Amino acid sequence: MYRRLEMRALRLIATGDLRCVEVPVPDPGPGEVLVKIAAAGICGTDRHLYLGEFPSEPPVTLGHEFSGTVAAVGAGVSMALGTPVACDPNTWCGTCDACNRGRVNLCPRNVATGIHRDGGFAEYAVIPAWKALPLPAGLGLAQGAFAEPLACTLHGLDVGAPRPGERVLVLGGGVIGQLAVQLARLAGAETMLLTRSEGKQALGRQLGAVATAPTPEAARELWPEGADLVVECAGVPATVAAAPWLARAGGRVVVLGVLAAGATVPIQPFDLLFREIRLDFAFINPFTTTRAIALIASGAVDVAPLISRTVSLDEAAGAISGPALPGDVKVLVDPGL
């Protein structure tokens, strides 16, 4: 089958050095597939990588939220060419202590596509075949690119375990926050979204939030006793610090947002103790990507309203290195533009 020899890729050359360059189209090795990228989401982690605030191994092609179609397969792979797939970017070793305990997201030898190996901000990417998850018929490739962020959000809600009738307060109106609102609603919880953006407040109400607030103080006025579960999705020290105060006595806090490596947040241990607040963290997506795809395909989670705009590879460099535009929720990269 004819294949191009060169392609464009958005590569992190070093901290603060992000370039769209021509590179060879990679060949899939044994057990791998070559994916023609259709859509790749820009994540806050990509900005952390650009700024050197998250560990990576440059030079590397960024992009860990992506979907596309199988263009070639390596030895031992029977997946049909043209199969639409989403990528689960995390490839754990399967033999370490964490993996043997089922805590695969904590594997110290995890290889993350788009961080430790070349990712999806390119025309093509090679990934392990077992990490290329087929998409159901009728599910658009742009929607398939949300499998990874939804899988991470699912893990956070699994940790927080909202129950019917509880109150869930979601901090942050970005893509993870808007997905968390929907998952909390599906769990039967009464959900509030805290974000300063009026546009994101409106989107949260559209997606199932019964209330919105611009500040922690405003949220506490609406729910004076606090929330049973607070889900921090903003990745900002101020919201992480405020999260325990927003939980009711006996409540839970789950931090999903990614802060810069080395960032610190003040807490009050006496308050956590006296009110018995549970403080948890949720990291990436252990065994949740297949569930995420099913939720998107069924329509139970609506991702279409979360797409703010679609940019080219050349435009993606500025979208990552510069501040997010007001109102942006999810920016997708289409390498075909």
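The values are calculated or read from the model by the stated rules, or taken from the named source; none is laboratory data. Please read all numbers here as calculations on a predicted model, not as lab measurements. Using ideal geometry, Cβ is built from the backbone for each residue, glycine included, and neighbour counts are taken over all protein chains shown.
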Please indicate, with yes or no, whether at least one residue in the stretch 82-101 is within 17 Å of residue 131 (Cα to Cα), in contact with a His (Cβ under 8 Å, 6 or more places away or on another chain) and crowded, with 22+ Cβ neighbours inside 10 Å.
-> yes
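For (1) under 17 Å from residue 282 (Cα atoms); (2) in the same structural domain as residue 117 (by TED's automatic domain parsing); (3) crowded, with 24+ Cβ neighbours inside 10 Å; (4) touching a helix residue (DSSP H, G or I) at 6+ places or on another chain (Cβ under 7 Å), each residue gets a yes or a no:
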site: 131; (1), (2), (3), (4): no, yes, no, no
site: 163; (1), (2), (3), (4): no, no, no, no
site: 170; (1), (2), (3), (4): yes, no, yes, yes
site: 177; (1), (2), (3), (4): yes, no, yes, no
Just wondering, is there one or more residues in the stretch 186-195 that are hydroxyl-bearing (Ser, Thr, Tyr), assigned by TED's automatic domain parsing to the domain that holds residue 256 and farther than 12 Å from residue 208 by Cα?
-> yes
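This table checks each residue for (1) buried (at least 16 other Cβ atoms within 10 Å of the Cβ); (2) of a type outside the set (A, V, I, L, M, F, W, C).
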position: 207; (1), (2): yes, no
position: 225; (1), (2): no, yes
position: 228; (1), (2): yes, yes
position: 231; (1), (2): yes, no
position: 237; (1), (2): no, yes
Restricting to helices (runs of 4 or more DSSP H) lying wholly in the stretch 258-337: which have 3 or more residues that are in contact (Cβ under 8 Å) with a residue 60 or more places away in the chain and not acidic (Asp, Glu)?
-> 289-298, 313-321
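Within the stretch 39-64, can you find the residues that are in a loop (DSSP other than H, G, I, E, B) and at negative phi?
42, 43, 53, 54, 55, 56, 57, 58, 59, 62, 64
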Kindly indicate whether residue 203 is modelled with pLDDT under 95, outside any strand (DSSP E or B), under 23 Å from the mean Cα position of the chain (by Cα) and aliphatic (A, V, I, L, M).
-> no
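For every residue, the table says whether it meets (1) touching a residue at least 60 places away in the same chain (Cβ under 8 Å); (2) within 14 Å of the chain's Cα centre (by Cα); (3) over 30 Å from residue 24 (Cα atoms); (4) assigned to a loop (DSSP other than H, G, I, E, B).
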residue: 98; (1), (2), (3), (4): no, no, yes, no
residue: 125; (1), (2), (3), (4): yes, no, no, no
residue: 130; (1), (2), (3), (4): yes, no, no, no
residue: 150; (1), (2), (3), (4): yes, yes, yes, no
residue: 173; (1), (2), (3), (4): yes, yes, yes, yes
residue: 176; (1), (2), (3), (4): yes, yes, yes, no
residue: 192; (1), (2), (3), (4): no, no, yes, no
